[in-house]
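A short worksheet on the structure shown next.
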Amino acid sequence: MSGNSTLPSIDDSVTEWTNDMFSPELQAAIRDIVPVADKDFDKHDFSPVSYINEHFPNEQALPKLDNFMNRLKLKIIKIDEEIIQEVRLQSISGTKGKEDLENAKRSIQELLNKITDIKNKAIQSEQMVTEICKDIKSLDYAKKNLTTAITTLKRLHMMVMGVEQLKDMVDKKQYGTVAKLLEATAQFAEGFKDYRDSPKIYALNKELDNLRAKVKNQIYEDFKNYIPYTSNQIKPNEENRWKSSCYVIDALGTEVKKDFLRWFCDIQLSSYKSAFGIASEHYTIDSTKRRYEWLQRQLKTFREEYALVFPPEWCMEEQISYEFCIATRLALSEILLNNKNSIEVPSLIKALKRTLEFENKLYEIFAQTNQKLASPTTSTPTNQSERGSDSDEEEDSDEDNQQSGESKNNSEDAIRKRWEARVEKDKKKEMEKNQEEQKSSVEIPKSYERFKGIISTCFEPYMDLYIKEEDKLMGEVLDKVISEEKWTISSEESNKILTSCTDLVYHFIKVRNRCSELTKREPFFNLYHLFRKYLTQYANIISSKIHSDVGRIHDAQEDKTICLIINTAEFCRKTAGQMTDGFKKLIDEKYKDQIDLKDVQNEFSSIIAKGVKSLVSGLEAKLDPHLLSMTRTDWGEKYQYVGDNSPYVNEVVGIIADQIQIELVWLSVDHYKYFCDLFAGSFVLRITQSIYKCGRVSEIGAQGILLDITTIKTILLELPNKVKDNRSNNRYTKLVNKEFSKAENLLKVVGCPTNLLVETYKELFPDGSDQDFQKIMDLKGYKVGDKIQTELFEKLSKFGSIGTSIKTKFFNN
């Protein structure tokens, strides 16, 4: 039976009732609304099978069945009565609900009728108010139009007066007043931009444009006639008309100021262009230094001749220097282009160094100047503060005119409105002031940034000549250090690496620093590729010194040289990583992601692995003759003595001890331990292979070999402890024990009695194959076809089938 009961389908929607039809959340909500009254039958997960099994767990409970059935029938009758009662109550509630719904509908209709009446009355009231206020609204419009007309006429009058006054001040060259009037009339003209088609406004704008052009030409003419050391002499209480004329240029607009500065700088640089022009003798790359010296002299002369002429915020020395740099860059670009096939690298580098020094000097000078101008203590020009004051007075006057009607009213609302307007105006002024301060503190200090690389960038296309020269020099240095390399050093040296490596790395660092002083862009990136090239070449050279032939005995000097190469490769691997970080720190941002020497580091790591393998191979070549002696020893029935180690073991131990002294002295701790790992894993495998080559091995012979390899195992386990290192050697110990356990288990099986051979083999080699067992038979001296071998194989097959049947029975149960 199951906990589900099949129900007849009423509308083909539910054909089977299950306890999982409702989610746990819905079941919890049902329990909250309809609490569980009967703990047995009201549960949502009620199961008839479980209920019956609970009351009748065995046959002894069956006599209670009749009483149990009677209780269930009584409970069914009670539930039927409750259902009938609930149906009756529901029919009564339905009738009452219909009556309540009809009453609610009538109430809603009455409410809608009242809302409609209120809405109609509100429309009538609005129409009445509109009729009453019709005349008041007309008067209000008239008031606003009259106020606007008065304000416009006043502004027009002020503009007319400003233009007349401006005309008079221009003729008198009162440039301080002219600057203020130009700004004021420009503001008025902007206010009348919607009335430009009006004849009067058109005439005023035209006259204003003529005055602007006249004062501009007048200032240009004054500066043309400027006499150094004389024109800028100012008497006490006299206006500085030269500085005021600069403020006039400011008032005429940004474009006019740019044209004026360009014109003035051209005048200042006219002698430079003629002295260093294409027809002059200084039109060469070697005259670069003279160009920069000319600017220094010119700036000194400018400071003396034009003292107190230009406002400090104009930064005229910076403007002249900037125009000079632009002209110099164009001239040097043409010189380099015309002589690209005959440029000498030393002259190119010398000119570039002079240029970089000059750019840095300009950067420092004008950075200090800009910081002084941006400091809070710097006072604003007097004329600007005065113009701001005049503008404020005009705005106050306009505001008073616009609120003339309200000003006469001293009511509470009028006073409050005037106060709110004043507060709003003060907030606006404060906001504009903060914006100006932020603008000055951000924009002014950035102007000197343009001198970085302003001239030196013209050398970039020709720096490949420098890189080719460095390429040639690096090749020569590499050939020289390799030819002078002795491939050996004194054992007392602290840094046991090849001298060629240190010389080469020192040269690399010197070249990188030299190039970084000249450029950090594409040529510096090309230098990085040069480093990759010569590091790879050096890796190939030192790798070729490690012979990979297997089975050849090394002399002591060859092993020392291999150790030197291993240490050198490790040094180069670390240096390559440091070079990567160094290049990324110095090079331009867009090249940083392309700097990566991991493949070069991997090459040096391969050299380390190759060198250690060669050391292991050379040591094994020395040990092979003695392992051969082990295979030639008669370990059969004639071998009766088990005591001290065999003679070959003493030779093996002595050779390992002598060889290890070289690695201890010449290798680092990490590489020495790497050598121990590699040697242990390889040598133990050779011992196991040699055991299989021993021919017939008796039980006593197996014990003798086991004693021998135990001695060798002890020697190998002591190898990592010969260096002073606080790190644990557990991993190495596990490796040696694991590899030796294979040989030890093999000898234990060979040395056990024949009647226990199969059981011992399956215990020590649970996953051993028939081929492995056949090798043990060969070591025991049992030939194929012998009766004893046949019996052992049959026993092995039965042992396997018995084990399989036991496992199958266990898992099935």
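Working from Cα pairs under 8 Å separated by at least six residues, relative contact order for segment 240-387 is 30 percent.
Using the Cβ-Cβ distance between residue 266 and residue 426 with R0 = 35 Å, the FRET efficiency computed as 1/(1 + (r/R0)^6) comes to roughly 0.15. The residues neighbouring residue 626, those whose beta-carbon lies less than 12 Å from its own, together hold a net charge of -1 under the Lys/Arg +1, Asp/Glu -1 convention. Enclosing the Cα atoms of segment 544-585 in their convex hull gives a volume equal to 68 cubic angstrom per residue.
Extending 7 Å from the Cα toward the beta-carbon at both residue 111 and residue 69 defines two label points whose distance is 6.2 nm. Take the Cβ atoms of residue 786 and residue 536, set R0 to 51 Å, and the FRET efficiency comes out at 0.25.
In a simple Cβ point-charge model (Lys, Arg +1; Asp, Glu -1; nothing else charged), segment 463-612 has a dipole of about 340 debye relative to its Cα centre.
In terms of other Cβ atoms within 10 Å, 201, 92, 607, 335 run from fewest to most in the order 92, 201, 335, 607. Taking the Cα centre of segment 155-351 as origin and assigning +1 to Lys and Arg Cβ atoms and -1 to Asp and Glu Cβ atoms, the resulting dipole is close to 60 debye. A cut-off under 11 angstrom between Cβ atoms defines the neighbours of residue 741, and their net charge, with Lys, Arg +1 and Asp, Glu -1, is +3. The label-point distance for residue 99 and residue 194, in a model that sets each label 7 Å from Cα toward Cβ, rounds to 7.2 nm. Note that segment 623-701 shows a convex hull volume over its alpha carbon atoms of 94 Å³ per residue. The residues neighbouring residue 725, those whose beta-carbon lies less than 15 Å from its own, together hold a net charge of +1 under the Lys/Arg +1, Asp/Glu -1 convention. Exposure proxy ranking for 554, 55, based on other Cβ atoms within 10 angstrom of each Cβ and starting from the fewest, stands as 55, 554.
Full extension of the chain segment joining residue 665 with residue 297 gains 125.8 nm, where the gain is 0.36 nm per residue of separation less the Cα-Cα distance. Any of 173/224; 257/452; 560/713; 350/468 with alpha carbons more than 19 Å apart? Name them for me. Where the Cα-Cα span goes over 19 Å, the pairs concerned are 257/452; 560/713.
Here the spin labels are modelled as points 7 Å beyond Cα on the Cα-Cβ line, and at residue 529 and residue 202 they lie 6.7 nm apart.
A straight chain from residue 644 to residue 140 at 0.36 nm per residue would run longer than the Cα-Cα distance by 168.5 nm. Each residue in 369, 733 was given a count of other beta-carbon atoms within 10 angstrom of its own, and listing them fewest first yields 733, 369.
Against the compact-protein benchmark of 2.2 N^0.38 Å, the Cα-based radius of gyration of segment 155-351 scales to 1.37. Simple rule: put +1 on each Lys or Arg Cβ and -1 on each Asp or Glu Cβ in segment 274-351, find the dipole, and look at 275, 345, 316; the Cα lying farthest toward the positive end is 345. So which lysines can residue 798 reach, going by Cα to Cα under 24 Å and dropping same-chain residues fewer than 8 places off? Within the straight-line limit of under 24 Å, residue 798 reaches these lysines: 748, 762, 775, 780, 783, 787, 807, 809. Using R0 = 22 Å, the C-beta based FRET efficiency linking residue 87 and residue 30 works out to 0.60.
Note: relative contact order over segment 463-612, using C-alpha pairs below 8 Å and six or more positions apart, is 29 percent. Taking the centroid of alpha carbons for each part, segment 234-295 and segment 102-127 are 85 Å apart.
Every number in this text was worked out from the coordinates using simple rules, so none of it is lab data. Here the structure is a predicted model, which is why all the values come from computation and not from measurement. Cβ coordinates were reconstructed from backbone atoms using ideal geometry, including for glycine residues, and neighbour counts include every protein chain displayed.
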